[in-house]
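Below you'll find the structure, written out as structure tokens, and then a few comments.
The values are calculated or read from the model by the stated rules, or taken from the named source; none is laboratory data. Everything numeric here is computed off the predicted structure, so don't read it as measured data. Cβ atoms come from the backbone with ideal geometry, glycine included; neighbour counts cover every protein chain shown.
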Amino acid sequence: MRIFKRVGRAALVCAAMGCLLGGVASAADTVKIGVIEPMSGNAASVGASAKAGIEVAMDIINNAHSDLGDILLAKDAGLKNLGGAKVQVVFADNQGSPSAGQNQALRLITQEHVTALVGAYQSGITLTASAVAERYGVPFVNGASVASNLTERGYKWFFRTTPIATDIANVYMSFLKDMKSRGKKVDNLAIVYENTDYGTSISNVLSAAAKRDGFNVISNLAYSANTSDVSSTVLQLKNVKPDAVIFVSYTSDAILYAKTMKSLDYKPPILIGDDSGFSDPTFIKTVGADVQGVLNRSVWSTGKPGSATYLINEMYKKKTGAELDTSTARIMQAFFVLADAINRAGSTDPAKIQAALKATDIKPPQLIVGFKGVKFNDQGQNVLASAVMIQLHGDRYVEVWPKEKATAELQLPYKGW
């Protein structure tokens, strides 16, 4: 890429040695972390939520919160192993553009001199931004991008905490097989996906998993996330009549599909939205009344009153007026994991943080999300990531599957409006 040709060999060698990043932090230093999220563009509402969530996470890390139990870094004020150093965040807007995300990563590393990076929500932007971090030898932790190829590049500085496309596909297939065992007709599926790395990766893996498990994918429909008219896609679905439809969409297009389905009076028996746009509080606020019963995947649950997750949700709600959502919780979790690695490293030396990330072994009580833990394989993927199925009841999502984790009854067929 041209962007790297202008950097120069000397800067790259310097970065690899850690001299760009300042070496070891002394007592009471500030540890600067760069966060790249979509503050503008089609996913701007997600970026705003992510920013608020990271700020809540900073509060938890920088100030003692004994009421949060075993949550990572909550008991002490600051990073204990760095003399109580406070975490500072430099936010960067990826503008919903891979090139902008790449440029922001370069700026954060070379001008802001951040210790490490978190980002960048959209898989296509994470792809380019993390490539910059890899070239410079800067740890990059991702909490919300699920395209499988991100952890198949042989990178040494990239780590991902969230479930990937294969994990997600297995969750959906297990759910659909369970529905079939309960007598529901779920033989024929349709997949509707936005055509960037995120949507394409999920669609490919879903199609393969469906074939493996004996389901027929009768429609596999790609579209541009920037489209302003999805009538033809909805009419195709209405014509072929799939038993279940899985949408892989960002916020603006998820809203557009909901409105178009209502205007064309189309309701599939089962409607699944693949997190992302369907998890955005803006989606629920805008079209929630028209998508009652839509299913979604999630790793977040508010929990019982007084629990750590309940208290964190209250902190977020006090700040934003909204409930914490699964996308924001996953981004926050990535931030906690990175900060924990920096603390365990006792240093801002990138190689020591990298080693700490590789040695990560975090247990469920320490997490704000419902993973089985956090432990990275040689590719940087969290092998303990997991998810459940949630359903929109009224103005909020509730857990409905698997049965042992359900907090409400699954309602089928899809109600809509």
Requested in this report: Determine, yes or no, whether L20 is part of a loop (DSSP other than H, G, I, E, B) and modelled with pLDDT of 90 or more.
Outcome: no
Report summary line: Flagged in region 137-153 as crowded, with 21+ Cβ neighbours inside 10 Å and either of a type in the set (D, E, K, R) or part of a loop (DSSP other than H, G, I, E, B) (or both), in numbering order, are G137, V138, P139, G143, A144, S145, V146, A147
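Residue by residue, here is whether (1) of a type in the set (V, I, T); (2) in a helix (DSSP H, G or I); (3) in contact with a helix residue (DSSP H, G or I) (Cβ under 9 Å, 6 or more places away or on another chain) holds:
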{"site": "V234", "(1), (2), (3)": "yes, yes, yes"}
{"site": "F247", "(1), (2), (3)": "no, no, yes"}
{"site": "S252", "(1), (2), (3)": "no, yes, yes"}
{"site": "T260", "(1), (2), (3)": "yes, yes, yes"}
{"site": "T282", "(1), (2), (3)": "yes, yes, yes"}
Query - Restricting region 331-357 to residues that are more than 16 Å from L79 (Cα to Cα) and either among the basic types (K, R) or surrounded by fewer than 24 Cβ atoms within 10 Å (Cβ to Cβ) (or both), the residue that is farthest from the chain's Cα centre (by Cα) - result: A351
Report task. Identify all residues within region 156-174 that are among the hydroxyl-bearing types (S, T, Y) and either part of a helix (DSSP H, G or I) or over 18 Å from T196 (Cβ atoms) (or both); write none if there are none. Result -> T161, T166, Y172, S174
Query raised in the report: Is there a residue being surrounded by fewer than 24 Cβ atoms within 10 Å (Cβ to Cβ) and within 23 Å of D361 (Cα to Cα) anywhere in region 166-177?
Result: yes
Query raised in the report: Quick one: how many residues across region 364-384 are touching a residue at least 24 places away in the same chain (Cβ under 8 Å) and either under 18 Å from I71 (Cβ atoms) or touching a strand residue (DSSP E or B) at 6+ places or on another chain (Cβ under 6 Å) (or both)?
Result: 12
Query raised in the report: So is G321 within 26 Å of V141 (Cβ to Cβ), surrounded by fewer than 20 Cβ atoms within 10 Å (Cβ to Cβ) and either touching an Asp or Glu at 6+ places or on another chain (Cβ under 6 Å) or small (G, A, S) (or both) or not?
Result: no
Query raised in the report: Among the listed residues V291, V248, which satisfies the condition of being touching a Gly at 6+ places or on another chain (Cβ under 8 Å), touching a residue at least 40 places away in the same chain (Cβ under 8 Å), among the hydrophobic types (A, V, I, L, M, F, W, C) and closer than 24 Å to D197 by Cβ?
Result: V248
